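> Supplied in structure tokens, the structure appears directly below.
The values are calculated or read from the model by the stated rules, or taken from the named source; none is laboratory data. Fair warning: this is a prediction, and the values are worked out from it, not measured in the lab. Neighbour counts run over all protein chains shown; Cβ positions are idealised from the backbone, glycine included. In case anyone asks, the SASA skips ligands and DNA or RNA and just uses the protein heavy atoms, side chains included. Shrake-Rupley method; radii C 1.70, N 1.55, O 1.52, S 1.80 Å.
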Amino acid sequence: MQLVELDLSRNDIPEIPESISFCKALQVADFSGNPLTRLPESFPELQNLTCLSVNDISLQALPENIGNLYNLASLELRENLLTYLPESLAQLQRLEELDLGNNELYHLPETIGALFNLKDLWLDGNQLAEIPQEVGNLKNLLCLDVSENKLECLPEEINGLASLTDLLVSQNLLQVLPDGIGKLKRLSILKVDQNRLIQLTDAIGDCESLTELVLTENQLLTLPRSIGKLKKLNNLNVDRNKLTSLPKEIGGCCSLNVFSVRDNRLSRIPPEISQATELHVLDVAGNRLMYLPLSLTTLKLKALWLSDNQSQPLLTFQTDTDPETGEKILTCVLLPQMPSEPGCQDNLPRCGALESLVNEVSDETWNERAVNRVSAIRFLEDEKDEEDNEMDSVKWLPKSPRLYGGHTWGSQGSRWASLKGKEGFHGGHLCKLSSANGKWREGRISPEQEAEELEDPDEDEPISKFSGSLFDTDENIRDQRNIRAALQEKHKAAMKGKTFPRMNSRMQPPVSAAAETDRFPEDTRAADVAQPPLKGILIARLPRDGPADLAGVQAGDRVVEISV
């Protein structure tokens, strides 16, 4: 039995023995990923070898007689330390695949053009400054990858690569492409990104089979009009160039699906782009567009990118008229784009941009509002700091409209300072949370501060302070309700046997904040009910209509003074 295939990849083999030459029937050998630095001198005697892989083995040189492997069809030498290729390499007449990527090659021998059957040639990630013109003899070459080198030009003889479908020259120093590229009638993919192109040859329009053209990160000012001849072009990427305009012939790319011109200097998009009826993705972010052509509405776009922070692929557009040309145009909230200003700015005026869009308020007006705006939320600490103010800008409002008891708090009854000290109120009672200091007048002390000083005369226990929060949890709410229910029962037991003046039939019963859906019975005094844990909530019995009549107020009744 004779060995035909040998795979010793990634086995930490430090050396291949010379006796490997006795495996005369060996056809496939893979020594990749081993700490090898050389191949044995007898290795080229394996003349039946068709596939040899020696990737990533720190190989510094090939045997000088490597050409003796004349049956070799695939030779993989990627990720090694090769600095040159032996002349005998040209003898590999049956070689179809040669991978020399990620080595240290500075020069490619002219004899490379003798590999007439070569179909795939990878030279990416080397130090090549030029490609010999003999490369044009590779009539059967399908893929040529010379990206990540130091190429400043491509030979004009590249036009001889009649079978070439993929040409990859990314990350080089190219300023122009040779006109001979137009002879590549089968070329389908051309990548020239991250170079120094200042113009694109008109001959590009003759690459009739081109489906993908990548020109990202160059210095292009314009695109040639001939680009409209690329009827099969599917993907065109010209991001991060210096384009100031697009040719109207761009609409001739009738098969175009994705068109990206992000980060250029475009001020307008030609209306003829609508002729590219297959266009689904259009990226014009990072330009200087004032509007989009109305004809864009005829396209079945799936994504349209207008700015770097756009959150949705499609926007709602409105029709408008260009005041200079009278042309019908499309615009939206992202157009026109305003230049960003350096430096830190207050977030509040920035947030006002949204209100400007909705309410048609100018940014200047919004900024002025933001500066002069008075906070509508105050805390107890703020009240203490503002005791000397004439009027308090904060109104104390009840938590629920039901606490109003259905009454209209008119102007006659809106301020109750005049009720202080009155002893009669006809037909009902007022719950007075009196203060020993009398600090409520003119709104100089809040109801919460007054409540802290108040003690229930019947139970000699202070009314509990507000301990909840605006966003209290369900568990806390249940606990508070249980406490309030217990206090109510305690008060009811203590007040048994006591009588109270009857309410006028026209009076609205007070609302208990302890249970917002319940109301007090007529024979229960509101002052004896446990106060709810709410700030600024006042409970009173009022007539449904007309001003308050104080004739029925009795001694000992407590009257609330509030400002609404």
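> Compute the distance in nm between two label points, each set 7 Å from the Cα along the Cα-to-Cβ direction, one at Asn11 and one at Arg196.
4.9
> What ³J(HN,Hα) values, in whole Hz, does the Karplus curve 6.51 cos²θ - 1.76 cosθ + 1.60 give for the range 66-83 when θ = phi - 60°, with x put for Gly and Pro?
4, x, 5, 7, 5, 8, 5, 10, 9, 10, 10, 10, 5, 6, 10, 10, 5, 10
> Taking R0 as 60 Å, what's the FRET efficiency between Glu18 and Asn234 from their Cβ-Cβ distance, rounded to 0.05?
0.70
> Let me ask you something else. To the nearest 10 square angstrom, what accessible area does His107 show with a 1.4 Å probe?
Around 100 Å² of this residue is reachable by solvent.
> What shape does the range 5-119 take by its C-alpha gyration tensor, where a ≥ b ≥ c are the square roots of the eigenvalues and a/c under 1.5 counts as rounded, a/b above b/c as prolate, and the rest as oblate?
oblate
> Which FRET efficiency, nearest 0.05, do Gln310 and Glu212 yield, Cβ-Cβ r, R0 25 Å?
The calculated FRET efficiency here is 0.50.
> For a Förster distance of 30 Å, can you work out the FRET efficiency between the beta-carbons of Gln127 and Asn71, rounded to the nearest 0.05?
My answer for the efficiency is 0.45.
> So how strong a dipole does the range 1-159 carry about its Cα centre when Lys and Arg Cβ are +1 and Asp and Glu Cβ are -1, to the nearest 20 debye?
Approximately 360 debye in magnitude.
> Which whole-Hz ³J(HN,Hα) couplings does the range 257-265 yield from phi under the Karplus relation 6.51 cos²θ - 1.76 cosθ + 1.60, θ = phi - 60°, glycine and proline marked x?
9, 10, 10, 10, 10, 5, 6, 10, 10
> Once ligands and nucleic acids are excluded and a 1.4 Å probe is used, how much of Thr316 is accessible, expressed in Å² to the nearest 10?
Surface accessible to solvent at Thr316 totals approximately 110 Å².
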